[in-house]
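S.K.: Have a look at this one.
The values are calculated or read from the model by the stated rules, or taken from the named source; none is laboratory data. Keep in mind the model is a prediction, meaning the values are calculated, not measured. Neighbour counts run over all protein chains shown; Cβ positions are idealised from the backbone, glycine included.
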Amino acid sequence: MQAYYAARAQEYDRVYAKPERQADLRAIEAWLPGALAGRTVLEVACGTGYWTQFLAPRCRAIHAFDATEETLAIARARQLPPNVHFTSGDAWAITPPPEPCDGAFAGFWWSHVPQARLPAFLSGLHAALAPGARVIMLDNRYVAGSSTPVSAPDEAGDTWQERTLSDGSKHRVLKNFPSREALLQAVATSGRDARVREWPYYWALEYTTLAR
Ligand SMILES: C[S@@+](CC[C@H](N)C(=O)[O-])C[C@H]1O[C@@H](n2cnc3c(N)ncnc32)[C@H](O)[C@@H]1O
């Protein structure tokens, strides 16, 4: 995953230029910042900071991390406001940020989490947040003709894509497309007030972590 995203860093934001997805992106860009307004947000796997740039004006602060230096360099070059802090970090071993976070956001990370590791990822995330934090996960819906074709589920229930970068290199990448029911089930015991929003090309899961 990290090697793939390091190689893809310079061309990553092309995914946000797909013509058929523009209406959805404008709708999400208009909705998302208000959903975490005023909060101190931990952003998981921030990549090039595409979503950070929309969150920054409305959040109190953002502690955004990613494991890949190549994507972080692009994020830092955006020169976002001083309430944004980019750091290197690992979503599998989340370091609590230097101040309590009552919000969290992860864009296009959930789909890369093996189903067997989802409970561990969520408990690690929740442990790094203040109790009662509002969490938003944003990710892709599978749309034939727009999405890269996906394999049949493997024995663990995960699906895979073969992706080609502009240099011709090919990469096998885990990419899951969970149902609305699976998303709600995943946070049924660790969250409350959960809801799933859907746009033609994207979904968002929102919930509030339980008091510990
Ligand atoms: C699909 S990209 C999403 C980037 C960004 N959140 C966005 O929505 O544009 C997935 C990101 O996960 C990062 N990543 C991969 N493994 C990671 C890990 N173990 N911990 C943190 N980030 C990781 C990659 O470097 C990449 O930037």
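S.K.: Kindly provide the set of residues from the range 154-208 that are charged (D, E, K, R) and under 19 Å from Tyr16 (Cβ atoms), ordered by number.
M.R.: Matches in the range 154-208: Arg163, Lys175, Arg197, Glu198.
S.K.: Hey, does the range 124-140 have a residue that's closer than 22 Å to Asp13 by Cβ and outside any strand (DSSP E or B)?
M.R.: Checked against the condition, which is being closer than 22 Å to Asp13 by Cβ and outside any strand (DSSP E or B), the range 124-140 yields no hits at all.
S.K.: Follow-up question, since we're still on this one. Against the condition surrounded by fewer than 23 Cβ atoms within 10 Å (Cβ to Cβ), within 11 Å of the ligand (Cβ to nearest atom) and in contact (Cβ under 8 Å) with a residue 60 or more places away in the chain, how does His112 come out, does it pass? Quick ask: steps written out before the conclusion?
M.R.: Values: surrounded by fewer than 23 Cβ atoms within 10 Å (Cβ to Cβ): yes; within 11 Å of the ligand (Cβ to nearest atom): yes; in contact (Cβ under 8 Å) with a residue 60 or more places away in the chain: yes.
Answer is yes for this residue.
S.K.: What single numbered condition from (1) surrounded by fewer than 18 Cβ atoms within 10 Å (Cβ to Cβ); (2) within 11 Å of the ligand (Cβ to nearest atom); (3) of a type in the set (Ser, Thr, Tyr) fails to hold for Tyr142?
M.R.: Every listed condition holds for Tyr142 apart from (2).
S.K.: Go through the residues of the range 120-128 one by one and say whether even a single one is of a type outside the set (Lys, Arg) and touching a helix residue (DSSP H, G or I) at 6+ places or on another chain (Cβ under 6 Å). Walk me through it before giving the result.
M.R.: Our first condition is that a residue be of a type outside the set (Lys, Arg); within the range 120-128, this holds for 120-128.
With the extra rule that they be touching a helix residue (DSSP H, G or I) at 6+ places or on another chain (Cβ under 6 Å), the set shrinks to none.
No.
S.K.: Still on this model: Evaluate the range 167-178: report whether one residue or more is of a type in the set (S, T, N, Q) and either in contact with a strand residue (DSSP E or B) (Cβ under 6 Å, 6 or more places away or on another chain) or without any contact (Cβ under 8 Å) to a residue 40 or more places away in the chain (or both).
M.R.: Checking the range 167-178: not a single residue is of a type in the set (S, T, N, Q) and either in contact with a strand residue (DSSP E or B) (Cβ under 6 Å, 6 or more places away or on another chain) or without any contact (Cβ under 8 Å) to a residue 40 or more places away in the chain (or both).
A quick yes/no check of all residues on (1) in a helix (DSSP H, G or I); (2) in contact with an Asp or Glu (Cβ under 9 Å, 6 or more places away or on another chain); (3) within 8 Å of the ligand (Cβ to nearest atom):
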| position | (1), (2), (3) |
| --- | --- |
| Arg14 | yes, no, no |
| Gln22 | yes, no, no |
| Arg26 | yes, no, no |
| Pro57 | no, no, no |
| His63 | no, yes, no |
| Ala73 | yes, no, no |
| Phe86 | no, yes, no |
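S.K.: Have a look at Val143, Val150 and point out the one that is of a type in the set (A, V, I, L, M, F, W, C), at pLDDT 95 or above, in a loop (DSSP other than H, G, I, E, B) and within 20 Å of Tyr5 (Cβ to Cβ).
M.R.: Exactly one of Val143, Val150 is of a type in the set (A, V, I, L, M, F, W, C), at pLDDT 95 or above, in a loop (DSSP other than H, G, I, E, B) and within 20 Å of Tyr5 (Cβ to Cβ), namely Val150.
S.K.: Just to be sure, is Gly157 at pLDDT 95 or above and more than 14 Å from the ligand (Cβ to nearest atom)? Break it down into steps so the answer makes sense when it comes.
M.R.: Values: at pLDDT 95 or above: yes; more than 14 Å from the ligand (Cβ to nearest atom): yes.
So Gly157 fits the description; yes.
S.K.: Would you say Gln10 is more than 12 Å from the ligand (Cβ to nearest atom) and either over 17 Å from the mean Cα position of the chain (by Cα) or of a type outside the set (A, V, I, L, M, F, W, C) (or both)?
M.R.: Numbers: more than 12 Å from the ligand (Cβ to nearest atom): yes; either over 17 Å from the mean Cα position of the chain (by Cα) or of a type outside the set (A, V, I, L, M, F, W, C) (or both): yes.
So Gln10 fits the description; yes.
S.K.: Further question: Could you check how many residues of the range 189-212 are surrounded by 11 or more Cβ atoms within 10 Å (Cβ to Cβ) and either of a type outside the set (A, V, I, L, M) or more than 21 Å from Trp31 (Cα to Cα) (or both)?
M.R.: Summing the residues that are surrounded by 11 or more Cβ atoms within 10 Å (Cβ to Cβ) and either of a type outside the set (A, V, I, L, M) or more than 21 Å from Trp31 (Cα to Cα) (or both) in the range 189-212 gives 16.
S.K.: While we're looking at this one, here's another question. Determine if the range 121-142 includes at least one residue that is of a type outside the set (A, V, I, L, M, F, W, C) and free of Cβ contacts under 8 Å to residues at least 12 places away in the same chain.
M.R.: The answer is no, given that none of the residues of the range 121-142 is of a type outside the set (A, V, I, L, M, F, W, C) and free of Cβ contacts under 8 Å to residues at least 12 places away in the same chain.
S.K.: Of the residues that make up the range 29-44, is at least one farther than 16 Å from Met137 by Cα, near the ligand (Cβ under 8 Å from one of its atoms), surrounded by fewer than 16 Cβ atoms within 10 Å (Cβ to Cβ) and not polar (S, T, N, Q)?
M.R.: no
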